[in-house]
Amino acid sequence: MTVKVPQVSYNDTVQQGCEYLLEQKATGAIVMQGGHAVGVLTDRSLLRRFIVLNRKPGDVKVGEVMGPMLRIGKDSSTKDAAKKLVSTRFSRLCVFEGDKFLGWVTLTDLAREASKDHLLQALVRHNEPEVILCPACNVGVLEMQTNKEGDVLRWECMNCNHIE
């Protein structure tokens, strides 16, 4: 989780928000109003919400173009966070403890963690078998193929022989 998340005000102008993002070398910031996190300002929200307004950046408030927050609790697992990001196609998950914003988890954070052996093994290990639909045929189920030591070699679809 990233805890030092850039913050902009709901009432800042898009001009101010963009200048701050550039200054911070960031692609997103949490939007705060009255001490509470209320949304996110990202490069994506600027492209999708601001550009179509055809107005000057100094005339539009961040609150008009911010995107929604996808929330997750601080005790949620990394696996749950990854599933939520992938299924929703969001790039950030805002981590909360009650109503308090603690930080966010990005796809980059998860990719960085997934490269660590202990987490990779934890993601592969599970109590109940998980059904993963084949992305190639959308009919078959991917089955884990392992070597004698139990290391995962690949995932293979028994329907179309697609390999992940």
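The values are calculated or read from the model by the stated rules, or taken from the named source; none is laboratory data. Keep in mind that this is a model prediction, so the values were computed, not measured. Here the Cβ positions follow ideal geometry from the backbone for every residue, glycine too, while neighbour counts run over all protein chains shown.
Within region 55-84, being within 21 Å of residue 101 (Cα to Cα) and outside any helix (DSSP H, G or I) holds for 66, 67, 68, 69, 70, 71, 72, 73, 74, 75, 76, 77.
In region 133-150, the residues that are under 15 Å from residue 161 (Cβ atoms) and of a type in the set (Gly, Ala, Ser) reach residues that are at pLDDT 80 or above and in a loop (DSSP other than H, G, I, E, B) with C-beta atoms within less than 7 angstrom, at least six apart or across chains, in these pairs: 136/160; 136/162; 140/158; 140/159; 140/160.
For region 85-107, taking the residues that are among the hydrophobic types (A, V, I, L, M, F, W, C) and assigned to a strand (DSSP E or B), the one that is nearest to residue 33 (Cα to Cα) is identified as 101. Restricting to region 51-88, give me the number of residues that are surrounded by fewer than 16 Cβ atoms within 10 Å (Cβ to Cβ) and aliphatic (A, V, I, L, M). Counting residues in region 51-88 that are surrounded by fewer than 16 Cβ atoms within 10 Å (Cβ to Cβ) and aliphatic (A, V, I, L, M) gives 4.
Every listed requirement among (1) modelled with pLDDT of 80 or more; (2) among the acidic types (Asp, Glu); (3) more than 22 Å from residue 4 (Cβ to Cβ) is met by residue 97 save one, (3). Picking from residues in region 1-23 that are among the hydrophobic types (A, V, I, L, M, F, W, C) and assigned to a loop (DSSP other than H, G, I, E, B), the one that is surrounded by the most Cβ atoms within 10 Å (Cβ to Cβ) is 5. When 134, 157 are screened for being touching a Gly at 6+ places or on another chain (Cβ under 6 Å), modelled with pLDDT under 80 and not small (Gly, Ala, Ser), only 134 passes. Can you tell me how many residues in region 57-95 are within 22 Å of residue 17 (Cα to Cα) and either of a type in the set (Asp, Glu) or in contact (Cβ under 8 Å) with a residue 40 or more places away in the chain (or both)? Total satisfying the criteria: 14. For region 26-42, the condition holds for no residue, the condition being that it is farther than 14 Å from residue 104 by Cα, surrounded by 15 or more Cβ atoms within 10 Å (Cβ to Cβ) and not aliphatic (A, V, I, L, M).
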